[in-house]
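Here's the structure, in structure tokens; my notes come after.
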Amino acid sequence: MHNRRTAIQMLTTAAALPLMPCGPWAQQGQQALQMLPMLDATGGGPVELAASAGRTRFAGGEASRTIGYNGSHLGPLVRVGRGEVPTIVENRLDEPITTHWHGLMVRGELDGGPHSLIQPGERWDIVLPINQPPATLWYHSHVHGRTAPQVYSGLAGVLQVVDGEDEARGLPTSYGTDDLTLVIQDRRFDEAGRLAYDPVMPDIMHGFSGDTILVNGQIGRTAAVPSGIVRLRLLNASNGRIYPLSLASGREMHLIATDAGYLDAPVALDTLTLAPGERVEILVDFSGTERDALVSDDNPNEGQMMRGMMGRSGNALGNRFDVLPFAVDARLDARIDRIPDALDGPMPDLAGRARTTREISLDMGMMGPGGMGGGMMGGGGMMGDGMMGRGMMRGGRDRDSIPDPDSDLFGVNGQPFDMQRLDFQVPQGDVERWIVTASMLAHPFHVHGVAFQVLSEAGGPPRPQNRGWKDTVLVSDQVELVARFDQPASQETPFMFHCHILEHEDGGMMGQFTVG
Ligand code: C2O
Ligand code: CU
Ligand code: CU
């Protein structure tokens, strides 16, 4: 069974490698970006994922200890179609994991949240009923208090729901040629070139970020693209960095899909912001050029004010850094030469249908000046039993007062996450309006088990990139969203809602609810 999986992966990996020994490539000595290996389960599966530890050599340095699904770092791109997909996740690590299908509309017991621990040596054997429009989703571990270090070390992959109709939609479909899936992450490395995760207080506050960009787990690669329309499926799988993205040439990005699926028509944008957990699909026209690059500006959460208040630590990339350079290779098949006028994505229309309104505040406390230097959280001590020392999680907190250094740093509606506490219950099938308010920083707010519609941002209409179906939205001020809660979730395996800055989530900016 494992042989079969390996064979499938090797085949698809080989097929996905861009051709490249000559042309603009060789002259520059650039190395070609590789796609994640594809685990194609569109025929019905099974999907078999084994979390295992290994070593990965990143940029020429010493090998790093990493973890991955079916490999030593990250996981395959799992592609599924409508129907029942038998799925097995095996944990070959020496610590518990979970595997959460971020964006998949399944009931709570299949969702892979923090209550669905897979102990070392155990297998999670489930059948995933796939029944939702095509979308680029992802999967990652979600152990409370350990999500940040586990995802940082590699326990994440991409999940795509497809319906076989993309040819008819006029969209690029050739994986690794004109249809590229890009997992964007930032990482830090020590002097020996080993992956480093050693968060001190400013890292916890901003979310841990690095000064090196990885795409699909690779550093410094260039993507070969045909001289035509190319589809880029972008996933921000970083712990904390928000990327204000654009193309170096100023070329337009034609947004075709948001987290939960297609828009009704492409929207041309000069920039778009991708926060942790979010996905977008864009079309870029590379005809008439030889090279370009996906570039990002600085993390807005590390702006002037926050820098002054909390300092920053070795993660400076500044503005306009390369996320991924592109080299146009005229020998690659440019199959698609126009941006489609329309897509068949169902645009959300839940406005005015809500029966219940909930207010959710994403709370972040400030430590007193004595606690800001990182001394109390520095070193490796915090990694042992969860991200935040237990002492920091005590007691309630008034949002309007300055919390003392003993109080919790992160919470929702004044309380840090508690596995034993249900925050609320949603009647199954109900439409609810949630008003989500951010404190201090912009927080990417994610809800399990639903796709939602953004009704407003900071009191105004949503930005164009937030007008499609979403499951994660960056809240800088206040966001009003509406969702219909169709998937059931019991008290044993409730759905989570949380900030997707993983250090905030692990620190308690998370809550849970049942649907039934
Ligand atoms: Cu991507 Cu609750 O997670
Ligand atoms: Cu999720
Ligand atoms: Cu946050």
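The values are calculated or read from the model by the stated rules, or taken from the named source; none is laboratory data. Small disclaimer: the values here were computed from a predicted structure and weren't measured. Note that each Cβ is placed from the backbone with ideal geometry, even for glycine, and that neighbours are counted across all protein chains shown. Please note that ligands, DNA and RNA were not included when accessible areas were found on the heavy atoms of the full protein model with its side chains. Shrake-Rupley method; radii C 1.70, N 1.55, O 1.52, S 1.80 Å.
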- For F189: the one exception among (1) open to solvent by 10 Å² or more (accessible area, probe 1.4 Å); (2) of a type in the set (A, V, I, L, M, F, W, C); (3) more than 21 Å from Q150 (Cα to Cα): (3)
- Note on the structure: Reported set for segment 431-455 where residues are over 17 Å from the mean Cα position of the chain (by Cα) and either within 16 Å of ligand 2 (Cβ to nearest atom) or farther than 24 Å from P133 by Cβ (or both) is W434, I435, V436, T437, A438, S439, M440, L441
- Scan segment 419-429 and give yes if some residue there is surrounded by fewer than 23 Cβ atoms within 10 Å (Cβ to Cβ) and free of Cβ contacts under 8 Å to residues at least 12 places away in the same chain, otherwise no. yes
- Task: Please work out which residue is surrounded by the fewest Cβ atoms within 10 Å (Cβ to Cβ), limiting yourself to segment 462-481 and to residues that are β-branched (V, I, T) and away from ligand 1 (no atom under 14 Å from the Cβ).
- Result: V475
- At least 3 residues that are closer than 21 Å to P37 by Cα and within 16 Å of ligand 1 (Cβ to nearest atom) in each: list the strands (runs of 3 or more DSSP E) lying fully within segment 70-136 that qualify. 100-102
- Item | Hits in segment 193-240 (condition: at pLDDT below 95 and of a type in the set (A, V, I, L, M)) | V200, M201, I204, M205
- Note on the structure: Sole miss for P172 among (1) of a type outside the set (G, A, S); (2) open to solvent by 10 Å² or more (accessible area, probe 1.4 Å); (3) part of a loop (DSSP other than H, G, I, E, B); (4) modelled with pLDDT of 95 or more is condition (2)
- Message: If I filter segment 201-253 down to residues being acidic (D, E) and assigned to a loop (DSSP other than H, G, I, E, B), which single residue comes out as nearest to ligand 2 (Cβ to nearest atom)?
- Response: D211
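Just for segment 59-113: of the residues that are β-branched (V, I, T) and open to solvent by 10 Å² or more (accessible area, probe 1.4 Å), which one is nearest to ligand 3 (Cβ to nearest atom)?
The qualifying residue nearest to ligand 3 (Cβ to nearest atom) is I67.
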- Residue by residue through segment 201-240, note down the ones that are open to solvent by 10 Å² or more (accessible area, probe 1.4 Å), closer than 16 Å to S296 by Cα and either touching a Phe, Trp or Tyr at 6+ places or on another chain (Cβ under 8 Å) or among the hydrophobic types (A, V, I, L, M, F, W, C) (or both). T212, I213, I219
- Message: Please determine whether any residue of segment 257-275 is surrounded by fewer than 21 Cβ atoms within 10 Å (Cβ to Cβ), modelled with pLDDT of 95 or more and outside any strand (DSSP E or B).
- Response: yes
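Restricting the search to segment 482-510, which residues are away from ligand 3 (no atom under 16 Å from the Cβ) and open to solvent by less than 10 Å² (accessible area, probe 1.4 Å)?
V482, A483, F485, A489, P494, F495
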- Kindly establish whether V482 is more than 16 Å from ligand 2 (Cβ to nearest atom) and among the β-branched types (V, I, T). yes
- Message: Considering only residues that are of a type outside the set (A, V, I, L, M, F, W, C), open to solvent by 40 Å² or more (accessible area, probe 1.4 Å) and under 14 Å from G170 (Cβ atoms), which ones fall in segment 317-341?
- Response: R335, D337, R338, D341
- Task: Can you give me the number of residues within segment 136-163 that are more than 16 Å from ligand 3 (Cβ to nearest atom), open to solvent by 10 Å² or more (accessible area, probe 1.4 Å) and over 30 Å from L332 (Cα atoms)?
- Result: 3
- Message: Please pick out the residue among G103, G61 that is under 21 Å from Q185 (Cα atoms) and within 19 Å of the chain's Cα centre (by Cα).
- Response: G103
- Give the residue, chosen from D166, D178, that is of a type in the set (D, E), open to solvent by 10 Å² or more (accessible area, probe 1.4 Å) and at pLDDT 95 or above. D166
- Item | Answer from P129, P133, P120 - the residue that is open to solvent by 20 Å² or more (accessible area, probe 1.4 Å), out of contact with any Pro (no Cβ under 9 Å at 6 or more places or on another chain) and at pLDDT 95 or above | P129
